[in-house]
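Okay, structure first, notes after.
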Protein chains: 2
Amino acid sequence: MIEPKINGFKIFVIKVNSRGNWIFVELQAGVGLTGVGEASHGCGFSQASTKDDIIMRHQVERFYRFLEGESPFAVENFRRKAWKEATDAGLPAVTAFSGLEQAMCDLASKSSGVPIYELLGGKVRKKIPVYANINRAIEHRTPDGFAIKAEKAIREGFRSIKIAPFDDFPNLDCSPGEIEAALENGIARIEATRKAIGANVDLMVDCHSKFNRRLGTQVAQLLSGINLHWYEEPVAPEALEDTIEIHRAIPQRLAGGETLFGKEGFGPLCRQNAVDIIMPDVKHCGGIFETKKIALLAESHSIKVSPHNPSGPISMAASAQVASTLNNFEILEHAWGETDWRHHLIHPEEEFTNGILHLSDQPGLGCQLSQRILEQQLTQ
Amino acid sequence: MIEPKINGFKIFVIKVNSRGNWIFVELQAGVGLTGVGEASHGCGFSQASTKDDIIMRHQVERFYRFLEGESPFAVENFRRKAWKEATDAGLPAVTAFSGLEQAMCDLASKSSGVPIYELLGGKVRKKIPVYANINRAIEHRTPDGFAIKAEKAIREGFRSIKIAPFDDFPNLDCSPGEIEAALENGIARIEATRKAIGANVDLMVDCHSKFNRRLGTQVAQLLSGINLHWYEEPVAPEALEDTIEIHRAIPQRLAGGETLFGKEGFGPLCRQNAVDIIMPDVKHCGGIFETKKIALLAESHSIKVSPHNPSGPISMAASAQVASTLNNFEILEHAWGETDWRHHLIHPEEEFTNGILHLSDQPGLGCQLSQRILEQQLTQ
């Protein structure tokens, strides 16, 4: 085989909704060979803006220069050369790095005619359990608004539901009365969701780091009767001591780590056994090989892995490829109900059956972006 | 690509010398596609016996049954299915497992037309520093006998030398006088070697687990003037507390782990920072992917990796493939001077220049067994 050399790139920004666009990066290697990765949510998870898209274009260009003329297999070398620059530059930079790394993996494995999982030791499962994160689909953030979407996801076959019922939680320096009201509101949403899905469906609560140590502990204890499958990021995972203390004090399993970069970033959580489940995001953690490394580190501390993935179908495919090879994989996130066209955006189409994603055995990511839908949804 | 399926195997036992034979395992996947791995020293490092070869044939057959009909890429699956059986059955079993895993990697990457390092994230170096372990070449185990071989290795360009000067150390329950004499003898060998190679060549001492905590500490302290590059396995690495205490007490860097199996086996040494350098052996630790995993675990504890490799050219090629991808790789072992035909046993021939092995960019291991030399040296 003549080793392919990377010689170009493209960026596609796809309009999704007011919470954010999806950004795809394509790497080219001559003779029609391309690879794709997803670099969505590099400027955060809550709002789409044209400025964000410009920032991400700039970041992808910035990290592409490490790849021009290089082999798409040379992931370790890319890491060595670009790691420090990415580490020092925050979420947009690590997201660009991670999107490009996915595209390298897609390109490398397509050039070898094998799925990406074959570069990672081969799959240990074909069926990838997926949970419906309904948060991005909820229109009315009343308890009923949560319950309606949860019921709908269950009807579509999902057996695990995640919500983020505290997204409108006030700043912690507000009055005790406001805190109390926001807590009651959040808990009412959780109770309504549990009631809607019944006792036999797994329910996870993501707190999006809205709390401090005291409140994070208190909320978990208040929820002890609701049987959560896990309790996620009451505080930011960088707040290691708080995370450790909350973990010790609460009855639920604790999960977190969605924006951490690299095995170095996950090292403290793992070495301190600060969580039960780590949540690397293939779009922010360094990419596909890095997710494998992080999972191995976690495994040596008996920690499970549930990849964070509230974004588009390329991130889903990339996450599924690596998840299929992990011994300590638990379940993969899916941004359920966000658009009615996402499954058409790739071919073969993305398909979930009873909360299971069936892994493609096609080369690379196992799917291609559909040019037709891509062109319809391009922001420019 | 039609995914290859493993459909046969062969074992080659090659006569080397009285200290042991080399055993190669070949996996077949139809249409002339083969992969090879090395499973030498599965019954120990010090003596060749026909019985050992029979044991290893049996063990390779035992673990081959997990592979019949499987994809050579399915390393993680092989691990899942065969791991417990290998873990529970000692060095012959883990060596057979590891030899087969190397052969899977060779087969898988050859079927993709890429070197094995491309399955491991790509190489970060082409030049692999190698040290000459002269121990297996020494004829007269006098200080002069050590010095003569060390000088010869230096003349051939090696810049790092390892010796095992305590191999004839008596049982520790013998008389204090005998211990004293054996210590003096061992130290005289080290001093003679240092004198022969000068101050600017790295010198490592492997104690082959001959000591206990007290003696292991005492010997290292006696050697403090000799500037060792590392001090290796004064006690067995399974003796974790002893290893930790010796590590704390001595001035040299401590190395070890040559017979440990899997990242699970290396977990305690790494998590306790019990050594400075771990020494997974691609023939005993689980193979090529497992060496990568162990190295990642070590990296997260700031521990270096120097693969143990006192055996044949296939183990050398497999070790070099994985070493080329590691950030925390230090130097690779070479069983220097054991035969005068080993470099002919593979093509392209094995070649060291100034203590550097140049990594092949051919598919798979980057080399093939030479049928002609193989047939000359076959034991049967």
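The values are calculated or read from the model by the stated rules, or taken from the named source; none is laboratory data. If you're wondering where the values come from, they're calculated on a predicted model, not measured in any experiment. Ideal geometry is used to build each Cβ from the backbone, glycine not excepted, and the neighbour counts take in all protein chains shown. Keep in mind that these areas ignore ligands, DNA and RNA; they rest on the heavy atoms of the full protein, side chains included. Shrake-Rupley method; radii C 1.70, N 1.55, O 1.52, S 1.80 Å.
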*Kindly report the accessible area of chain B per residue (heavy atoms of protein chains, probe 1.4 Å, no ligands, DNA or RNA), in Å².*
36
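Tell me the mean residue ellipticity at 222 nm calculated for chain B from its helices only (DSSP H runs of n ≥ 4, each -39500 (n - 2.57), averaged over every residue, nearest 500). List each step's numbers first, then the result.
Working: 11 runs with 146 residues, N = 380.
Calculated at 222 nm, the ellipticity per residue is -12000 deg cm²/dmol.
Give, as a single signed number, the net charge of other residues whose beta carbon lies under 13 Å from the beta carbon of B:Gly35, with Lys and Arg counted +1 and Asp and Glu -1.
Working: positive: B:Lys5, B:Lys10, B:Lys110; negative: B:Glu26, B:Glu38, B:Glu70, B:Glu101, B:Asp106.
Result for the local shell: -2.
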*So, in Å, what gap is there between the alpha-carbon centers of region A:172-211 and region A:290-337?*
26
*Percent of accessible area on the protein assembly as shown owned by carbon and sulfur, 1.4 Å probe?*
49
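What net charge do the residues around A:Ile197 carry, taking every other residue with its C-beta under 13 Å from that of A:Ile197, with Lys and Arg at +1 and Asp and Glu at -1?
Values: positive: A:Lys149, A:Lys152, A:Arg155, A:Arg159, A:Lys162, A:Arg189, A:Arg194, A:Lys195; negative: A:Glu151, A:Glu156, A:Glu191, A:Asp202.
Around A:Ile197, the surrounding residues sum to +4.
Leaving ligands and nucleic acids out of the surface, order B:Leu223, B:Leu378 by accessible area at 1.4 Å, largest first.
Largest to smallest exposure gives the sequence B:Leu378, B:Leu223.
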*Any chance you could check region B:291-322 for residues losing 10 Å² or more of accessible area when the partner protein chains are in, compared with the chain on its own (1.4 Å probe)?*
B:Lys292, B:Lys293, B:Leu296, B:Leu297, B:Glu299, B:Ser300, B:His301
*Please give the solvent-accessible surface of B:Tyr117 in Å², to the nearest 10, using a probe radius of 1.4 Å with every protein chain present.*
10
_In degrees, nearest ten, helix A:90-112 long axis to first principal axis of chain A (Cα)_ = 50
*At the nearest 100 Å², what buried accessible area, both sides summed, do you get for B and A when the probe is 1.4 Å?*
2700
*Give the distance, in whole Å, between the Cα centre of region A:79-106 and the Cα centre of region A:214-283.*
24
_Antiparallel DSSP beta bridges within region A:8-113, percent to nearest 5_ = 100
*With the solvent-accessible surface defined on protein heavy atoms using a 1.4 Å probe, which residues belonging to region A:64-84 display a reduction of at least 40 Å² in accessible area in the multichain context relative to the isolated chain?*
A:Phe73, A:Glu76, A:Arg80
*region A:1-101: GluC sites (Glu not before Pro) in DSSP coil with no more than 13 other Cβ atoms inside 10 Å*: A:Glu68
*asked:* For chain B, set up a GNM with springs between Cα atoms under 10 Å and report which of B:Ser109, B:Ser311, B:Ser300 has the largest fluctuation.
replied: B:Ser300
_A:Arg271, A:Arg125, B:Arg136, ranked by accessible area, largest first (probe 1.4 Å)_ = A:Arg271, A:Arg125, B:Arg136
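Based on the alpha-carbon gyration tensor of the protein assembly as shown and its eigenvalue square roots a ≥ b ≥ c, which shape applies: rounded if a/c is under 1.5, prolate if not and a/b is larger than b/c, or oblate? Let's see the in-between values first.
Details: a/c = 2.25, a/b = 1.71, b/c = 1.32.
Note, shape of the protein assembly as shown comes out prolate.
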*Sorted from shortest, what are the nm distances separating the label point of A:Glu61 from equivalent points in the other copies, each placed 7 Å from Cα along Cα to C-beta?*
6.6
*Would you mind telling me the antiparallel percentage of the DSSP bridges in the protein assembly as shown, rounded to 5?*
50
*Taking the label point 7 Å from Cα in the Cβ direction, how far apart in nm is B:Asn354 from each other copy of itself, listed shortest first?*
6.5
*Relative contact order (percent, whole number), chain B, Cα cutoff 8 Å, 6+ residue spacing*: 20
*Heavy-atom accessible area of B:Glu139 with all protein chains present, probe 1.4 Å, nearest 10 Å²?*
130
*Output ³J(HN,Hα) for region A:151-162: one whole-Hz value per residue in order, computed from phi by the Karplus curve 6.51 cos²θ - 1.76 cosθ + 1.60 with θ = phi - 60°, and x for Gly and Pro.*
4, 5, 5, 4, 4, 7, x, 6, 10, 8, 10, 10
*What does the charge count near A:Ile331 come to, summing +1 for each Lys or Arg and -1 for each Asp or Glu among other residues with Cβ under 10 Å from its Cβ?*
0
*Using a label point 7 angstrom from Cα along Cα-to-C-beta, what distances in nm, from shortest up, separate A:Gly198 from the other copies?*
8.1
*Residue of chain A nearest the A-to-B rotation axis [by Cβ], rounded angstrom distance*: A:Ser112, 2
*If you count the DSSP beta bridges with both ends in chain B, what percent of them are antiparallel, to the nearest 5?*
50
*With label points built 7 Å along Cα→Cβ from the Cα atoms of B:Lys81 and B:Glu241, find their separation and express it in nm.*
4.1
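If you place +1 on the Cβ of every Lys and Arg and -1 on the Cβ of every Asp and Glu, how big does the dipole about the Cα centre of the protein assembly as shown come out, in debye to the nearest 20? Walk me through the intermediate numbers first.
On the way: 80 positive and 96 negative charges, 133 e Å.
So the dipole magnitude of the protein assembly as shown works out to roughly 640 debye.
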*Note down the accessible area of A:Lys81, probe 1.4 Å, to the nearest 10 Å².*
90
